[in-house]
Amino acid sequence: MKLLQVHRTGFMAIAMLMVSCQADMGVFAQANAKQEAKNIVLVHGAWADGSCWSKVIALLEAKGFHVVAVQNPLTSLADDVAATKRIIALQDGPVILVGHSYAGVVITEAGNDPKVIGLVYVAAFAPGEGESINSVSKPYPPAPLGSELRPDAQGFLTATRKGIAEDMAQDLSDKEQQILTATQGQTAASVFGATVTKAAWKSKPSWALIAGNDRAIPPELERDEAASIKATSITLSANHLAMLSHPREVAELIEQAAAKAK
């Protein structure tokens, strides 16, 4: 009888140990499971501000994402990276970082933040280490927008009404073109020569939208860089401001990145 009690006690101890181990493994697995990205940080490019993401923000927020648009000062690459990293720091979990145009350079640098788990390039530059917009653009024909930029005495560039209407937003309404002209951010010419120190796309998964009708960045450059960084890419018959002309497709690409960048 005593032997049977010992056996029962032993079996109970083993069973309790197994349950405890399974519980511990469950907690460990839960703690180590990668959290789905619900935070989307949007970064605007040159001659723009955060409002250029307005249509995409509404679509993403309706899907339950927490979305923040950075307001880049456009005074230097370092300043814009710092502004972006301040917004990343405020997020409570993993981040999908999205950049348009020049902001492709910004997210390539700021995307090294450990909170960032995926990068989305929207009609954007994606230079490597030691590269700048000027250097990666050399092999391609000049974009038409370049002739519609006007410098001031402080070294900042402004896009003309004609440049925005014909080379950035040619498939948007007159009213939208007027708003874009009025709200554009003057952009320091120096940002186009600023080089990347560490390219985040080397260690983070990337997605890219190529604007097939882009007149601010050669579409061939967008296509070649997307291939170079091994980005999952789509091509649209869109102008440079694809987030305004094709907001649903842009939002869907960001959703795809949030679902897969784990």
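The values are calculated or read from the model by the stated rules, or taken from the named source; none is laboratory data. This is a predicted model, so every value here is computed, not measured. A quick note on method: Cβ atoms are made from the backbone with ideal geometry, for glycine too, and the neighbour counts reach across all protein chains shown.
Select from the stretch 158-195 the residues that are of a type in the set (Val, Ile, Thr) and outside any loop (DSSP other than H, G, I, E, B) and list them in ascending order.
Residues satisfying the conditions are Thr158, Ile164, Ile179, Thr181, Thr183, Thr187, Val191.
Could you please let me know if Asp214 is surrounded by 18 or more Cβ atoms within 10 Å (Cβ to Cβ) and either not polar (S, T, N, Q) or not assigned by TED's automatic domain parsing to the domain that holds Asp79 (or both)?
Spelling it out, Asp214 is indeed surrounded by 18 or more Cβ atoms within 10 Å (Cβ to Cβ) and either not polar (S, T, N, Q) or not assigned by TED's automatic domain parsing to the domain that holds Asp79 (or both).
For Asn134, only one of the following conditions fails: (1) surrounded by 22 or more Cβ atoms within 10 Å (Cβ to Cβ); (2) assigned to a helix (DSSP H, G or I). What is its number?
Only one criterion in (1) surrounded by 22 or more Cβ atoms within 10 Å (Cβ to Cβ); (2) assigned to a helix (DSSP H, G or I) is unmet by Asn134, namely (1).
Could you say which residue among Ser190, Ser173, Ser206 is in the same structural domain as Leu244 (by TED's automatic domain parsing), of a type in the set (Ser, Thr, Tyr), on the phi < 0 side of the Ramachandran plot and buried (at least 23 other Cβ atoms within 10 Å of the Cβ)?
One residue alone meets the criteria, Ser206.
How many residues does the stretch 124-153 contain that are among the aromatic types (Phe, Trp, Tyr) and more than 14 Å from Ala199 (Cα to Cα)?
The number of residues fulfilling the criteria is 1.
Going through Gly118, Gly104 one at a time, which residue ends up being assigned to a helix (DSSP H, G or I), small (Gly, Ala, Ser) and under 13 Å from Trp201 (Cβ atoms)?
Gly104
Looking at (1) touching a Gly at 6+ places or on another chain (Cβ under 8 Å); (2) closer than 21 Å to Leu74 by Cβ; (3) of a type outside the set (Lys, Arg), which is the only condition Gly193 fails?
(1)
Answer yes or no: is there a residue in the stretch 154-162 that is in contact (Cβ under 8 Å) with a residue 40 or more places away in the chain and either of a type in the set (S, T, N, Q) or closer than 30 Å to Lys262 by Cα (or both).
For the stretch 154-162, residues in contact (Cβ under 8 Å) with a residue 40 or more places away in the chain and either of a type in the set (S, T, N, Q) or closer than 30 Å to Lys262 by Cα (or both): present.
Could you tell me whether Lys138 is of a type outside the set (S, T, N, Q) and out of contact with any helix residue (DSSP H, G or I) (no Cβ under 8 Å at 6 or more places or on another chain)?
Judged against the criteria, Lys138 is a match.
So that you can scan it fast, the table gives a plain yes or no per residue for (1) in a helix (DSSP H, G or I); (2) at pLDDT 95 or above; (3) under 19 Å from Ile133 (Cα atoms):
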| position | (1), (2), (3) |
| --- | --- |
| Ala208 | no, yes, yes |
| Ala216 | no, yes, yes |
| Glu222 | yes, yes, yes |
| Glu225 | yes, yes, yes |
| Leu244 | yes, yes, no |
| Ala251 | yes, yes, no |
| Ile254 | yes, yes, no |
| Ala259 | yes, yes, no |
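When you scan the stretch 147-167, how many residues do you find that are small (Gly, Ala, Ser) and surrounded by 14 or more Cβ atoms within 10 Å (Cβ to Cβ)?
3
(1) under 22 Å from the mean Cα position of the chain (by Cα); (2) closer than 24 Å to Ala82 by Cβ; (3) touching a residue at least 12 places away in the same chain (Cβ under 8 Å): which one isn't true of Ala169, the others all being true?
(2)
Tally the residues that are among the small types (Gly, Ala, Ser) and either within 18 Å of Gln186 (Cβ to Cβ) or outside any helix (DSSP H, G or I) (or both), restricting the search to the stretch 55-96.
Result for the stretch 55-96: 6.
Quick one: count up the residues across the stretch 232-262 that are surrounded by fewer than 21 Cβ atoms within 10 Å (Cβ to Cβ) and among the β-branched types (Val, Ile, Thr).
Residues flagged as surrounded by fewer than 21 Cβ atoms within 10 Å (Cβ to Cβ) and among the β-branched types (Val, Ile, Thr) within the stretch 232-262 amount to 3.
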